[in-house]
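Reviewing the structure listed below.
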Amino acid sequence: MVREDIIRKTAPLFAEYGIKGICMNEIVAELRISKRTLYEQFESKEELLLEVFSYETLRLGEDIEKIEREASSALEILVKISLSVSRLISSLCPALHKDIKHYPGILEFGETCLEQFEQKCLNCFMAAVKESDLEPRLNYEYIAALYAEQVLDMKRHTVTNMLLRGLATDNGREILDRLDINKQEITNKNN
């Protein structure tokens, strides 16, 4: 089994059981490989976990690129990216969120990802302003940081939806109505 296969097959295990909820012995048993094979590829659980997070981030990046190609407006991009990120976050075991604090390398990686997500949100907000879908003359740097934090907090979908509606122009509200984000949010929770 090659390194990429181990990463791909281990990702759902961490998502389901968390970090502390699964040990390297259980990983080798689940993947049906030897401990030696696993440790030849990864020196530690943290290294494997970092690679899994990198893998999932790459997959999310591919989803975002597809959204950007297919969307008709920056506001649509923002909504669909937010739903994609929320879907990923909600698929993770709640224990994983608690376990991360014990892994400094993962925390640092997560902070970098958050900064990139905030920048992506800011770019979408600014493009939506140029497209006349959001109100101009607001501090979108602050709003993007707040919005990104709210998207990552799985309990805050209603807040992010209200925030977008409050910032939207009439044209922007038409886009949000067309996207029917509340319906997508419910579908997202049921999947």
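Here, each number is a calculation from the coordinates, and none is a lab measurement. Everything numeric in this text was worked out from a predicted model, so none of it was measured. Using ideal geometry, Cβ is built from the backbone for each residue, glycine included, and neighbour counts are taken over all protein chains shown.
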**Request:** Check off (1) closer than 24 Å to residue 108 by Cα; (2) β-branched (Val, Ile, Thr); (3) outside any helix (DSSP H, G or I) for residue 33 and give me the number that stays unchecked.
**Result:** (1)
**Fill in**
Just one listed residue, out of 27, 7, is surrounded by 14 or more Cβ atoms within 10 Å (Cβ to Cβ), under 21 Å from the mean Cα position of the chain (by Cα) and part of a helix (DSSP H, G or I), and it is 7
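Just to be sure, is residue 11 in contact (Cβ under 8 Å) with a residue 60 or more places away in the chain and of a type in the set (Gly, Ala, Ser)? Break it down stepwise before answering.
Details: in contact (Cβ under 8 Å) with a residue 60 or more places away in the chain: no; of a type in the set (Gly, Ala, Ser): yes.
In short, no.
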**Request:** Hey, can you tell me all the residues within region 14-46 that are of a type outside the set (Phe, Trp, Tyr) and touching a residue at least 40 places away in the same chain (Cβ under 8 Å)?
**Result:** 15, 16, 18, 19, 20, 21, 46
**Message:** Checking residue 75 against (1) under 30 Å from residue 172 (Cα atoms); (2) of a type in the set (A, V, I, L, M, F, W, C); (3) not in a helix (DSSP H, G or I), only one condition comes out false. Which one?
**Reply:** (3)
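Residue-by-condition table, conditions (1) within 22 Å of residue 112 (Cα to Cα); (2) in a loop (DSSP other than H, G, I, E, B):
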| site | (1), (2) |
| --- | --- |
| 21 | no, yes |
| 38 | no, no |
| 54 | yes, no |
| 68 | yes, no |
| 92 | yes, yes |
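Any idea which of 85, 129, 79 is of a type in the set (A, V, I, L, M, F, W, C) and touching a Pro at 6+ places or on another chain (Cβ under 6 Å)?
On the way: 85 fails: touching a Pro at 6+ places or on another chain (Cβ under 6 Å); 79 fails: touching a Pro at 6+ places or on another chain (Cβ under 6 Å).
After applying the criteria, what remains is 129.
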